[in-house]
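> I'd like to ask you about the structure that follows.
The values are calculated or read from the model by the stated rules, or taken from the named source; none is laboratory data. Because the structure is a prediction, the values reported are computed rather than measured. So basically every Cβ, Gly included, is an ideal-geometry build from the backbone, and we count neighbours across all protein chains shown. Ligands, DNA and RNA are stripped out before the accessible areas are found, and what is left, the full protein with its side chains, is counted by its heavy atoms. Shrake-Rupley method; radii C 1.70, N 1.55, O 1.52, S 1.80 Å.
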Amino acid sequence: MDPRERQFVDRMGLVMERFGGTRTMGRLYAWLLICDPPHQSLAELAAQLGVSKTAISTIARQLEAASMIERVPTSRREHHYQVIHGGWEQVMRVQLAALQPAIETLDFGLSVVGDDRPEQRARLEDTREFFAFTALDGDRFLQRWQDYREKPADDDGGGG
């Protein structure tokens, strides 16, 4: 890995931390975005990132479970991984799906807190409406993303 690639990989580690993952998770994902060939074995990933093969294996399973990377069949027994197209979209879908139980919990909270507690109800209502809006707008956002991706590249706004 050349110095600029390493800088990119390290920066993506910080980005992933901001999203709640680990730095190594971000570094692994970043390397898989730019590596050649586009799939790498656990041993190759560990060597490039300077992390143990065990740690890479654990993180690869987490990224695979999140639908961000996938295992690639090879003629050898070792596991190879590559980035999945649309992985971040899938992460967003999972996060949006988690909003519904939050909304239901806030609805329950509203049933617990009576009208005699207007300040508490106002906070619950505000939080519930934020989650409900986010869920609704998130679905619209993902549809706009799909529409954007399907546009020809020469249209205004880029696209697929």
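> Is it the case that segment 97-107 has a residue that's touching a residue at least 12 places away in the same chain (Cβ under 8 Å), small (Gly, Ala, Ser) and in contact with a helix residue (DSSP H, G or I) (Cβ under 8 Å, 6 or more places away or on another chain)? Step through it out loud before you land on a result.
Taking segment 97-107 and keeping what is touching a residue at least 12 places away in the same chain (Cβ under 8 Å), we get 99-100, 102-103, 106-107.
Subsequent filtering for residues that are small (Gly, Ala, Ser) retains 102.
Subsequent filtering for residues that are in contact with a helix residue (DSSP H, G or I) (Cβ under 8 Å, 6 or more places away or on another chain) retains 102.
Yes, that holds for at least one residue.
> Only one of Gln95, Gln82 is of a type in the set (S, T, N, Q) and more than 11 Å from the chain's Cα centre (by Cα). Can you tell me which?
On the way: Gln95 fails: more than 11 Å from the chain's Cα centre (by Cα).
That would be Gln82, the only listed residue that is of a type in the set (S, T, N, Q) and more than 11 Å from the chain's Cα centre (by Cα).
> Which residue is farthest from His85 (Cα to Cα), if the candidates are limited to segment 1-46 and must be aromatic (Phe, Trp, Tyr) and open to solvent by less than 60 Å² (accessible area, probe 1.4 Å)? Don't jump to the end; show me each part of the working.
Step one: list which residues in segment 1-46 are aromatic (Phe, Trp, Tyr), which gives 8, 19, 29, 31.
Retained after the next criterion (residues that are open to solvent by less than 60 Å² (accessible area, probe 1.4 Å)): 29, 31.
Details: Tyr29: 12, Trp31: 15 Å.
For segment 1-46, the residue satisfying everything is Trp31.
> When residues of segment 47-58 are filtered for being open to solvent by 20 Å² or more (accessible area, probe 1.4 Å) and either hydroxyl-bearing (Ser, Thr, Tyr) or part of a helix (DSSP H, G or I) (or both), how many remain?
Within segment 47-58, the subset open to solvent by 20 Å² or more (accessible area, probe 1.4 Å) is 47-48, 50-55, 57-58.
Subsequent filtering for residues that are either hydroxyl-bearing (Ser, Thr, Tyr) or part of a helix (DSSP H, G or I) (or both) retains 47-48, 52-55, 57-58.
Count: 8.
> Evaluate the following for Arg61: is it of a type outside the set (S, T, N, Q) and surrounded by 13 or more Cβ atoms within 10 Å (Cβ to Cβ)?
Values: of a type outside the set (S, T, N, Q): yes; surrounded by 13 or more Cβ atoms within 10 Å (Cβ to Cβ): yes.
Answer is yes for this residue.
> One residue is enough: does segment 58-76 have a residue meeting the conditions hydrophobic (A, V, I, L, M, F, W, C) and over 25 Å from Leu33 (Cβ atoms)? Before you say what the answer is, go through the steps one by one.
Of the residues in segment 58-76, the ones hydrophobic (A, V, I, L, M, F, W, C) are 59-60, 63, 65-66, 68-69, 72.
Among the residues that remain, those that are also over 25 Å from Leu33 (Cβ atoms) are: none.
No, because not a single residue in segment 58-76 is hydrophobic (A, V, I, L, M, F, W, C) and over 25 Å from Leu33 (Cβ atoms).
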